[in-house]
Structures are given as structure tokens and as C-alpha cells.
1. With θ set to phi - 60°, apply the Karplus curve 6.51 cos²θ - 1.76 cosθ + 1.60 along the range 278-285 and write out the HN-Hα couplings as whole Hz, x wherever there is a Gly or Pro.
2. As I understand it, the dipole of the chain uses +1 on the Cβ of Lys and Arg and -1 on the Cβ of Asp and Glu, about the Cα centre. Which of Ile162, Ala185, Ser26 lies farthest toward its positive end?
3. For the range 126-141, what does the Karplus curve 6.51 cos²θ - 1.76 cosθ + 1.60, with θ = phi - 60°, yield as ³J(HN,Hα) per residue in whole Hz, taken in order and with x for Gly and Pro?
4. Between the range 303-346 and the range 1-36, what is the separation of their alpha carbon centroids in Å?
5. Can you tally the net charge around Arg118? Count Lys and Arg as +1, Asp and Glu as -1, for every other residue whose Cβ sits under 14 Å from the Cβ of Arg118.
6. Run down the aspartates and glutamates and flag those whose C-alpha is under 18 Å from the C-alpha of Lys339, throwing out any fewer than 8 positions away in its chain.
7. Around Lys67, under 9 Å between beta carbons, what's the net of Lys plus Arg minus Asp minus Glu among the other residues?
8. In Å², what does the accessible area per residue of the range 78-117 work out to with a 1.4 Å probe?
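The values are calculated or read from the model by the stated rules, or taken from the named source; none is laboratory data. Keep in mind that what you see is a predicted model, and the values were worked out from it rather than measured. Note that each Cβ is placed from the backbone with ideal geometry, even for glycine, and that neighbours are counted across all protein chains shown. Note: accessible area is taken over every heavy atom of the protein model, side chains too, but ligands, DNA and RNA are not part of it. Shrake-Rupley method; radii C 1.70, N 1.55, O 1.52, S 1.80 Å.
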Amino acid sequence: MDHSGNVATFEFRQPFQLERGGYLPSLSITYHTYGKLNERRDNCIWVCHALTANSDVADWWPHTVVKGGFLDPEKYFIVCANIIGSCYGSTGPLSIDPSTGQPWYDSFPKLSIRDIARAHILLADHLRLSSIFSIIGSSVGGFQAIEWAIIEPHRFRSLVLIATSVYASPWSIAINETQRMAIEADKTYGEKRADAAKEGLATARAIGLLTYRGEKGYNITQQDLVSTEDVPNYHRACSYQRYQGEKLIRRFDAYSYMTILDTFDTHNVGRGRNGIADALSTIKCPTLCVAITTDIIFPPDEIKDFCQLIPDALFREISSQFGHDGFLVEHELLNSMIKEFFSSIS
């Protein structure tokens with residue numbers, strides 16, 4: 001069976017009100033699907049992607065959209081939508097502002113995680129997915145998944161949260177602010193062009209990578225391969241940082257990156273719901289919460305604490321040296337955990 005995804009764009013041609021005020025005149029939502037819906041239309045797994053990923057799960061989450069995997073396209077109908085505010089086909093800062101006929105750039109309206117979840121709801125309704133077998137989110141994708149599970153607790157039969165949290169901590173906001181400072185220090189930021197602040201964006205990405213991998217991940221993969229007898233003129237870690245910055249600016253733009261970082265910081269499931277504990281108590285489906293031992297963005301203790309507040313939740317931990325990015329690297333361990341969890345869902 002061909003496991004390549006199908007891509008489409010859903011057009012919502014009505015004003016979309018935003019939690020932080022204002023609205024978007026309309027929405028475009030680009031999404032990928034893999035596999036087929038069964039006759040009951042209840043075999044969907046919805047994947048929510050992280051910061052700079054796109055809707056093509058098979059592209060950014062290797063070894064998952066495969067036969068026998070937890071995203072088996074021969075068994076499930078898999079959906080992933082590019083988030084609004086991004087630059088992979090959904091409405092974002094490079095989209096045209098109809099009031100000016102030019103891209104929004106840095107005037108793009110302020111979003112929240114709840115806005116992204118509500119956009120997912122529009123697409124799910126369009127696809128007539130009233131019963132979703134599981135919603136899976138890692139990192140910022142987990143923000144979206146848990147928000148949606150609280151907004152519409154009866155739509156899902158299971159929830160999988162990986163390396164994520166129920167609110168944006170001061171630590172994670174500080175990481176984001178440091179990246180924003182790098183972008184704003186680029187004198188071209190604010191210029192009305194898609195390639196503005198590329199150098200700042202590359203620096204921001206390099207900062208972010210330090211937190212994605214952490215000390216152990218870098219020390220394993222970026223050791224210098226030079227003689228111990230000579231003073232080195234080259235360091236693998238230096239070239240790696242520059243390479244990753246250059247790699248991102250070839251596929252992303254500073255305005256979308258700033259929009260998503262800002263949206264990240266709004267995350268708090270307890271806002272307007274009498275606090276986090278009350279909000280989590282409304283989740284109706286079995287939930288799997290997965291932490292990564294060396295994750296310094298969303299440490300295991302933080303995940304274990306909120307997991308205990310979800311009525312029917314299971315906490316699991318992946319031992320990995322690759323920090324937050326362990327959810328991308330440790331696919332075999334993750335596959336085993338999630339498949340075991342799925343087998344328990346009636």
C-alpha cells in the first residue's frame with residue numbers, strides 16, 4: 001500500500017474571531033491525510049505538530065507513518081493540519097491581508113493556542129469526524145491536543161501527550177523571549193519582505209536547539225574528531241549550530257516564527273476555567289502522558305504532576321540522551337508505548 005499522504009486545503013470563508021481580540025477575515029487550513037476512513041468514520045488519529053513542522057507527518061516524524069506503527073495508515077485514517085500562523089499553507093503572516101492586498105508580515109493578528117484548537121475543530125467538522133480514535137501531540141502539538149480535548153471532551157476516545165505541558169512555564173517563555181531578542185536584533189526585522197531577519201532567525205534557531213537537545217545530546221553527537229595533540233581550529237558543535245540555523249531559514253520565515261513563539265506563551269489550560277486542576281478534570285478519555293528523562297523544556301516531574309490531575313491518565317517515561325528531541329529520535333520506544341496504550345482502548 002502507498003503510504004504517501006494526500007494534501008488538501010480547507011477554506012473557511014467567514015470571519016474567525018480571535019481570543020486576544022480582532023479577527024481573521026477568513027482561514028485557509030492545509031492538511032495531510034494518510035490511510036482511509038472506515039465505514040463508521042471512527043478510525044481517525046489526529047496528529048498536532050510542533051513549532052516549525054508542517055502537516056506532512058511522515059516527513060517530520062520518521063518511522064511513525066508505517067505499517068505496524070502507531071500511525072499505521074493501513075489501520076487508521078491519520079490527519080495533521082498545518083497550524084494557523086505558520087507558513088506551510090495555512091493562514092499566517094505571509095498570507096495576504098485583504099484590506100491591503102499585501103502580506104500581513106509583522107501586523108498579523110495575535111493568536112492563542114485556543115485559536116489553533118478552534119481552527120482544528122472547523123476542519124474536523126468539515127471532514128465529518130465526530131468521533132476521533134486518538135489525538136496525539138508532542139511539544140507545542142501537545143498544547144493543541146490538550147486544549148482541544150478540554151474544549152470538546154466527547155469527540156475523542158483517547159489522548160496522547162508527549163513532551164509537553166498544560167501551561168507555558170516562565171522557563172519556557174524565557175527561552176522564547178531570548179529567541180525573539182535575537183530576531184529583533186536583526187536590523188532587517190520589520191521590513192516588508194519574506195526574507196527579513198534571516199540572520200536573526202538563524203541565531204534564534206541555534207538558541208532553541210540548545211534546549212531541544214541539551215548537554216548530553218550535544219556531548220554525544222558533536223564531539224570534535226581531531227587529534228588531542230593539536231590546538232583545534234574547528235569544532236563540530238560550532239558548524240552544527242550554523243548549519244541548523246541555515247537549514248531553518250531556507251524553509252521558514254521570521255514573522256511566522258515570531259507569531260508561533262508568541263502563541264506558545266499564551267498556553268494555559270486553566271485560564272478562564274477555574275484553574276488547571278478543574279480544566280484537566282473535564283477530560284473524558286483515557287490519556288497517555290509521556291515524558292523524556294533528559295527533556296529540559298518539559299521536565300518529567302512537570303508532566304507527571306499534571307498527569308495526576310487527569311481522571312484516567314497513565315504516565316510513562318522514555319529514557320533518552322537526546323533531550324526534548326527524544327520524541328523524534330526514540331521512535332521504537334514511543335511506538336511500543338503508544339501501541340500498548342491503544343490496545344487498552346475499548
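1. Computed from phi, the couplings for the range 278-285 are 5, 4, 5, 5, 8, 5, 9, 9 Hz.
2. It is Ser26, whose Cα lies furthest towards the positive end.
3. Ordered by residue, 3J(HN,Hα) equals 4, 7, 6, 10, 6, 10, 10, 4, 7, 10, 10, x, 10, 6, 5, x Hz.
4. 28
5. That works out to -2.
6. Asp42, Asp72, Glu74, Asp312, Glu317, Glu330
7. Values: positive: Lys75; negative: Asp72, Glu74.
Result for the local shell: -1.
8. Values: 1240 Å² over 40 residues.
Heavy-atom accessible area per residue stands at 31 Å².
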